[in-house]
1. Applying the selection to region 247-260, what residues are surrounded by fewer than 18 Cβ atoms within 10 Å (Cβ to Cβ) and outside any strand (DSSP E or B)?
2. For region 144-161, how many residues meet the condition of being open to solvent by 60 Å² or more (accessible area, probe 1.4 Å) and either in a loop (DSSP other than H, G, I, E, B) or at pLDDT 95 or above (or both)?
3. What's the total number of residues in region 541-587 that are without any contact (Cβ under 8 Å) to a residue 12 or more places away in the chain, part of a loop (DSSP other than H, G, I, E, B) and either within 22 Å of PRO477 (Cβ to Cβ) or of a type in the set (D, E, K, R) (or both)?
4. Name the single residue that is farthest from SER446 (Cα to Cα) among those in region 515-540 being without any contact (Cβ under 8 Å) to a residue 24 or more places away in the chain and not polar (S, T, N, Q).
5. On the basis of being modelled with pLDDT under 95, under 23 Å from LEU426 (Cα atoms), part of a helix (DSSP H, G or I) and within 27 Å of the chain's Cα centre (by Cα), does ALA467 make the cut?
6. Pick from GLU450, GLU456: which is at positive phi, at pLDDT below 95 and open to solvent by 20 Å² or more (accessible area, probe 1.4 Å)?
7. Out of the residues in region 67-87 that are free of Cβ contacts under 8 Å to residues at least 40 places away in the same chain and in a loop (DSSP other than H, G, I, E, B), state the one that is nearest to ILE167 (Cα to Cα).
Amino acid sequence: MLRRPAVSWALLGPLLWGCTLALQGGMLYPRESPSRERKELNGLWSFRADFSDNRHQGFEQQWYRRPLRESGPTLDMPVPSSFNDVGQDGQLRTFVGWVWYEREAALPRRWTQDPGTRVVLRIGSAHYYAIVWVNGVHVSEHEGGHLPFEADISKLVQTGPLSSCRITIAINNTLTPHTLPPGSILYKSDTSKYPKGYFIQDTHFDFFNYAGLHRSVLLYTTPAAYIDDITVTTGVEEDTGLVNYQIFVQGSEHFQLEVQLLDGEGRVVAQGTRSRDQLVVPSAHLWWPYLMHEHPAYLYSLEVRMTASTAAGDVSDFYTLPVGIRTVDVTESQFLINGKPFYFHGVNKHEDSDIRGKGFDWPLLMKDFNLLRWLGANAFRTSHYPYAEEVMQLCDRYGIVVIDECPGVGITLPQSYGNVSLQHHLEVMEELVRRDKNHPAVVMWSVANEPTSNLEPAGYYFKTVIAHTKALDPTRPVTYVTNSNYAADMGAAYVDVLCVNSYYSWYHDYGHLEVIQLQLESQFENWHQTYQKPIIQSEYGAEAIAGLHQDPPLMFSEEYQRSLLQQYHLALDKKRKEYVVGELIWNFADFMTNQTPQRAVGNKKGIFTRQRQPKTAAFLLRDRYWKLANETRYHRSVVKSVFGKEPV
């Protein structure tokens, strides 16, 4: 058999740096430094949903021109959060259309009086389409509900003796065949059944379309000349680490750079002065996944100091970027991190919880990471959209490997494969790569989940999206997640790793657990013989209502969920010794969905409840994941270093 050689993205990265130049404008995470300040605007905002028939009253009456309370009643709405579950109004929970947020932000005097200070407004996530005004002046628009966008508002806040500014954000959660995720509006025209003008939002994905300001809104400053972006790729030659960097500066063409790479103890191990260079790190500490090394997730710090000459004099800017030195390679049967076979044993997740919806919450996030480590999970997929930047940062710190997925879920309509949709998909991938390209935890991009990839346009569509993503970032493999028949999938030839979802004995052959092993082994053999690529079982599972017990196992009982997983594991154990490189359970925790007869207050496929309490399957999976870790020569000392005690 002709074997496909390993693709070394670590080597391709420096050679193909020029491709990253397609990303114009930086999206560095706002960090405080000697030259930068940040002010979070989280808390209570004034809020109003536009319940008018055409949902355009806010624009017709120009609500953004004066304080929102002057044009009608407002609610107090917490940010970050989804607006849907905070109150008791059923109309608001399922509202489709424009909602309005407003907040007065107090500004430090130096921000408003120093023309050498650049003031930026950053919105972490506004689902789905957002328009932003500051003091009634339009400053920004953005399409897409899961990635940050920002606007330079320096001139607006420095035009007079201002001590505050009024920020107004209008958000529309309507999904169309050309959005990501797609959707459509269904108008119910039969007036004998529905009121005049009645419509509903129809979607083709299995989670609730939460909306609002889901992540932090903040103001931050930089000097007038500033570090706009940093791109880092890494490689390894024997025990030497290679850190390739490229720095982009805005506001001046005349500048000097001081670049230092510091180890975990703060010692300088390499330095440079050019805007594009390679730092050589002898005896480098590599970034290893959780449970793969006694000291996982080792991070260096790339400190960049820029001094620029401007008309107003010399200015300086300082930014620190965490850096993990690691490589990612793929063969036809293995996924390699730092040259060692890596087996994904982890979960799929959702940003979803009681009351908050998809709103970012630090206590919830830390609970989830503690559960992941307790479980022995070394990876997850950001199903089915990019997660908050803080999630990526914790993955870097804890060594949790990430398959980073864009919001391309539910691409099922023929019109969603047209040029309008394709162009938007390409733009979303640019935004995602721009934001997450420097995270060592991110080892693969996923451009879609369960599209109707058997449609004729799907081949060209995904060939284009995958090629574009590889051009944006040549350092990582690209996939999409399929549930199609191997012979009918139009895009699988273009991915680097096959991610396959299947729900044997759940969505078909109901209750017949005895057929799982045969069907799963046939699935693996068909896919691998056709494409000669490594395979991840990217979703599998069954719903279990916590506390429901049936023996012999019946569907929806905890026993059925456990038994189904056991049957999958038997087949996975055969094929993971050949070409299966991972298994990701669906799902980490129960989550909310639209109301249907098939869903009892949400999807119950979690191994934890929505309140993060374990079902029986959680203990089964924990036992399996720790055994997988030990089997691949992971050491008990690693567990002790993480938890302070031997594993139980």
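The values are calculated or read from the model by the stated rules, or taken from the named source; none is laboratory data. Predicted, not measured: the structure shown is a model, and the values here were computed from it. Cβ coordinates were reconstructed from backbone atoms using ideal geometry, including for glycine residues, and neighbour counts include every protein chain displayed. Heads up: the accessible areas ignore ligands, DNA and RNA and are worked out on the full protein's heavy atoms, side chains in. Shrake-Rupley method; radii C 1.70, N 1.55, O 1.52, S 1.80 Å.
1. Correct list: GLU253, HIS254.
2. Total satisfying the criteria: 3.
3. Step one: of region 541-587, the residues without any contact (Cβ under 8 Å) to a residue 12 or more places away in the chain are 547-552, 573, 577.
From the residues that got through so far, the ones that are part of a loop (DSSP other than H, G, I, E, B) too are 547-552, 577.
Right, trim to either within 22 Å of PRO477 (Cβ to Cβ) or of a type in the set (D, E, K, R) (or both) and you get 551, 577.
Final tally of qualifying residues: 2.
4. Top of the filtered list is VAL515.
5. Working: modelled with pLDDT under 95: no; under 23 Å from LEU426 (Cα atoms): yes; part of a helix (DSSP H, G or I): yes; within 27 Å of the chain's Cα centre (by Cα): yes.
It is false that ALA467 is modelled with pLDDT under 95, under 23 Å from LEU426 (Cα atoms), part of a helix (DSSP H, G or I) and within 27 Å of the chain's Cα centre (by Cα).
6. Numbers: GLU456 fails: at positive phi.
From the options GLU450, GLU456, the qualifying one is GLU450.
7. Quick first cut of region 67-87, residues free of Cβ contacts under 8 Å to residues at least 40 places away in the same chain only: 69-76, 87.
Those still in the list that are in a loop (DSSP other than H, G, I, E, B) too: 72-74, 87.
Working: GLY72: 17, PRO73: 18, THR74: 15, GLY87: 23 Å.
Ranking the candidates gives THR74 first.
Residue by residue, here is whether (1) farther than 25 Å from VAL328 by Cβ; (2) aliphatic (A, V, I, L, M); (3) at pLDDT 95 or above holds:
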{"residue": "GLN278", "(1), (2), (3)": "no, no, yes"}
{"residue": "HIS293", "(1), (2), (3)": "no, no, no"}
{"residue": "LEU299", "(1), (2), (3)": "no, yes, yes"}
{"residue": "ALA311", "(1), (2), (3)": "yes, yes, no"}
